[in-house]
Each structure stands twice: as C-alpha cells, then as structure tokens.
1. For segment 78-173, list the strands (runs of 3 or more DSSP E) that sit wholly inside it and hold at least 1 residues that are of a type in the set (G, A, S); which are they?
2. Residues that are of a type outside the set (D, E) and at positive phi: does segment 4-22 have at least one?
3. Taking segment 285-312, which residues are over 19 Å from K34 (Cα atoms) and either basic (K, R) or surrounded by fewer than 19 Cβ atoms within 10 Å (Cβ to Cβ) (or both)?
4. Given the structure, is I264 outside the structural domain of M129 (by TED's automatic domain parsing), under 30 Å from E16 (Cα atoms) and touching a His at 6+ places or on another chain (Cβ under 8 Å)?
5. Please go through segment 123-139 and pick out each residue that is more than 28 Å from V33 (Cβ to Cβ) and at pLDDT 90 or above.
6. Can you find, within segment 280-315, the residue that is farthest from A167 (Cα to Cα) among those that are touching a residue at least 60 places away in the same chain (Cβ under 8 Å) and in a helix (DSSP H, G or I)?
7. Looking only at segment 27-55, filter to residues that are more than 12 Å from the chain's Cα centre (by Cα) and assigned to a helix (DSSP H, G or I); which one of those is modelled with the lowest pLDDT?
8. Just to be sure before I move on: is D84 in the same structural domain as L173 (by TED's automatic domain parsing), acidic (D, E), more than 19 Å from the chain's Cα centre (by Cα) and surrounded by 19 or more Cβ atoms within 10 Å (Cβ to Cβ) in the structure I sent?
Amino acid sequence: MKKIEKEIEICQKDIENIKKEIEKAVIGQDDIVKNCLKALLCHGHVLLEGVPGIGKTLIVRVLSMVSGCEFKRIQFTVDLLPTDIIGITTYDKVKGFYTIKGPIFANFVIADEINRSPPKTQSALLEAMQERQVTIGKETFHIEEPFFVVATQNPLESAGVYTLPEAQVDRFLLKLNVVYPSIEEEQDILKTNISLRKLEAFGLKPVANSKKIIEMQDLTKRIFLSEDIEKYIVRLVDATRNPEKYKIKLGEYIEYGGSPRASIGLFIASKAEALINGYAFVTPQDVKKSAYEVLRHRILLNYEGQAEGIKTDDIIKEILSRVPIQ
C-alpha cells in the first residue's frame, strides 16, 4: 500500500472517531458537521446561517472539545469594540507597557451573531482570518495553528443587525445554511439537550489534538487534483462571471461572480471532500458536492434578483447542469 493511501486510511478513521464523538451531543445536522470538518481540513473558516436554537454554537463547542483544541466564544453586540476581539496595549507603573491578548487567540473561535456588530468591529477579524496574525498597537502577534473561525448569523431579524461587508464574507471558505431537524431528530433532542443537561454530562472526550489536526490539513493539500479537474473548477467560477457564455438563464440576476478566491476555495474544498470519502484523488463529483458551500456567498445578486427572491443555490444548480466536465 502506498504511503499516502495508508495516511488517508488513518485520517478517515480519525474523522469517523470525531464524528461519532460529536454525535453524542449533537443530534442531526450531519451535513453541517461534515462541512465544518471539511473547512477545518482546508485550513478555512465557516459562516453558519440559521434561525436561533438549532445548535449552531453547540456544534462548534463540541467540535473543539473532541478535537482537543482551545475554544473561545465572542458574543457580538452593537457596542463591541475591535479591541474587545484582538486585545489592547496598556500601561502599568510596575510592568510598563504590556499587551493583553483578546479572545481571538485560540484554536477554535466562534463569532456568535456576527451581524449584530457594525462593520468596523467585524473587520477586526479580517487580518486574523486571512493572515493568521493580529496587530495590536505596534506589535504583530502570530496565532497558533490550527486556527478555525466559525461565525453565526441570524437571517430573521432586520432590526439592530448589519450586513457583513463583502470583503469579509469572501474570507469564509464555506457558507452553510443550518436547517431545522427532522421530526424524529427533534424528538430525540427533547431527551438529549444542553438546556436540561450540562455539556460535561455527555462524556465527550478528545479524540484528536492540535498536532493531529495540522497533519490532516497537510494531507489534504497532498490529495491529487488533475489538470482536467482544475479546468473544470475554473470554468464553473467563470460561469458565475460570464453566464451568457454558458447559456445560464438565471445569469441575468448576477451582479458579480466569484473572484479567484472562489476558484481556490473550490480547489481545496474538493480535495477535502475526496479525503473525507477516502480517496487520494479528486473527482468531478467532489467538486460538485463542494460547489454550493463555496459559491453561494460569492455570487452577488443584482437588485432585480433580490426583488424576485432568486436564490444563489438555484443559480449554482443551473451552472452545474450546464458547464461541461471536459
């Protein structure tokens, strides 16, 4: 057996162990858990959108616990300041000037209800998310790996919330829509939930650690992706910019298509999808399975599309059906 195949087999077992441990506390939401793991393997970040009370924060808390990583939560509010996130330089007559690091210095960070803070505060995350470093005063501090940001937002409320700047939304590798559980799953939730039981009561144990996560991220980069698949990825993203070239009917509602960061995201997310499925190479199906999560927040609708209630997922579906694989 080739070395990489053996590594993939071990990695798959680790991923399954993480999933099984998460299932002790999180009921349903299998796709969300899988995609969070996919983003973690990709060294990326996730934007979770869903109504309150469906377990968005719980998923990240449990994932951090079973991954053996440090977890911190930032509750975004209208009066939250950038320094509340990254930290400050302060002065003491004994110590002199010194730095107090903010909650951004952790392996897993959840930015809860991120759209409740104004863009100035939201932008405090940008340097950390993209460059894995934070500038406080005149000093730059590196953030320890792995570094994984999950932001949540509530789509229901319009009062007291701010639209996320497009530059920041683009920093998230995946955007996941968290949906309601099934009737059977919700019945199980009645007996197993953290409103009635403490999280510690679920007996969760770490089945990985920071070193293991970094090794899995390195393995993801080594998954083979052929030149033909590269061309397919570029064509898919090109279809979001030039829909008329591919006869995309819903293309008339697109104001802006995906940037090169969309192609990069699809490239690495497809590798993670292949790895999770136990393959050493990427197939077109891996690309298609990753397309919705990577592209849905990178296709910007024009005013007509917004007025008509067009969904970017419908545009992506048409693109996948019309863009040829070869």
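1. Because the criterion is at least 1 residues that are of a type in the set (G, A, S), the strands (runs of 3 or more DSSP E) in segment 78-173 that meet it are 87-92, 96-101, 108-112, 148-153.
2. There is no residue in segment 4-22 that is of a type outside the set (D, E) and at positive phi.
3. R298, L300, N302, Y303, E304, Q306, A307, E308, G309, I310, K311
4. On the way: outside the structural domain of M129 (by TED's automatic domain parsing): yes; under 30 Å from E16 (Cα atoms): yes; touching a His at 6+ places or on another chain (Cβ under 8 Å): no.
For I264, the condition - outside the structural domain of M129 (by TED's automatic domain parsing), under 30 Å from E16 (Cα atoms) and touching a His at 6+ places or on another chain (Cβ under 8 Å) - is not met.
5. Q133, V134
6. Restricting to residues being touching a residue at least 60 places away in the same chain (Cβ under 8 Å) and in a helix (DSSP H, G or I), the top hit is D314.
7. We begin by selecting, within segment 27-55, every residue more than 12 Å from the chain's Cα centre (by Cα); these are 27-31, 50-55.
Cutting the leftovers down to assigned to a helix (DSSP H, G or I) gives us 30-31.
Details: D30: 89, D31: 92.
Restricting to residues being more than 12 Å from the chain's Cα centre (by Cα) and assigned to a helix (DSSP H, G or I), the top hit is D30.
8. For D84, the condition - in the same structural domain as L173 (by TED's automatic domain parsing), acidic (D, E), more than 19 Å from the chain's Cα centre (by Cα) and surrounded by 19 or more Cβ atoms within 10 Å (Cβ to Cβ) - is met.
The values are calculated or read from the model by the stated rules, or taken from the named source; none is laboratory data. A quick note: this is a predicted structure, and the numbers were derived from the prediction, not measured. Reconstructed Cβ throughout: ideal geometry from the backbone, glycine too, with neighbour counts over all protein chains shown.
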